[in-house]
1. Dividing the Cα convex hull volume of segment 24-165 by residue count, how many Å³ per residue is that?
2. Could I get the Rg over Rh figure for segment 92-154? Both from C-alpha atoms, Rh via Kirkwood, rounded to two places.
3. In a shell of Cβ-Cβ distance under 11 Å around L34, excluding L34 itself, what net charge do Lys and Arg (+1) and Asp and Glu (-1) give?
4. Go through segment 49-60 residue by residue and turn each phi into a ³J(HN,Hα) via Karplus (6.51, -1.76, 1.60, θ = phi - 60°); whole Hz please, and just put x for glycine and proline.
5. Please tell me which of these pairs span more than 18 angstrom C-alpha to C-alpha: K63/K89; K89/K129; K53/K89?
6. When the solvent-accessible surface of protein heavy atoms is calculated with a 1.4 angstrom probe, in what order do R114, R132, R180 fall, highest first?
7. At a 1.4 Å probe radius, which order do H64, H104 fall into by accessible area, largest first?
Amino acid sequence: MKESGIKPSPTEQAKRGLFINEVDVPLLDAVTRLIQLLDKPMDIPLLAPLLIKEILYRVLQGKHGGTLTQLAVEGDGAFRIKAAIDYIKEHYKQAFRVEELAEHVNMSMPTLHRRFKEITAMTPIQFQKQLRLQAARSFLLSESMNAADVAFQVGYESPSQFSREYSRLFGLSPIQDIKRLKILDGNTSD
């Protein structure tokens, strides 16, 4: 942002942190060139940082660039929400109180709750739950652990609560979901 002279609009309200947009040719070209570096690993250390910089520049120049720059500006409300998101990602296994999170990012609890929901479409606790369940799904797919062990691994105290919330999010129990995913992936070794 500094090098390109892109400045966030202070009057623009932060919107959701996820956007869908058509990819223009210059952005697609930069992403393609980055992927092609996999064919020449010796070029990666020198060229990958330049291509990543180009990709970021093109994204910031796009339709949602103004909102994205707000997430990077220290002191801005969106930056504080990013700090809250980072905190939850680092500590998703531990229980936390929203009051503590608000204090950590120097926001009032109502403001944190409102702004967090504006940007993520979830409350902080719902966001933590999503992270836990996504991590659990990943563990179940890659490790040979049972659902109860995974539940404890990602911070749940009750395997039955974990199973209910997992089923609510993914539509199937942990065991059924993992079996389905392994079949879809062609990995039917169990």
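1. Numbers: hull volume 22.6 nm³, N = 142.
Convex hull volume per residue, Cα atoms: 159 Å³.
2. Here the Rg-to-Rh quotient is 1.10.
3. -1
4. Coupling constants for segment 49-60: x, 5, 5, 5, 4, 5, 4, 4, 4, 5, 5, 5 Hz.
5. K63/K89; K53/K89
6. My answer, sorted largest first, is R114, R180, R132.
7. Result of the area sort, largest leading: H104, H64.
The values are calculated or read from the model by the stated rules, or taken from the named source; none is laboratory data. All figures in this text were calculated on a predicted structure; none of them were measured in a lab. All Cβ positions, even for glycine, are placed from backbone atoms using ideal geometry, and neighbour counts span all protein chains on display. Areas reflect the complete protein model, heavy atoms only, side chains present, ligands, DNA and RNA absent. Shrake-Rupley method; radii C 1.70, N 1.55, O 1.52, S 1.80 Å.
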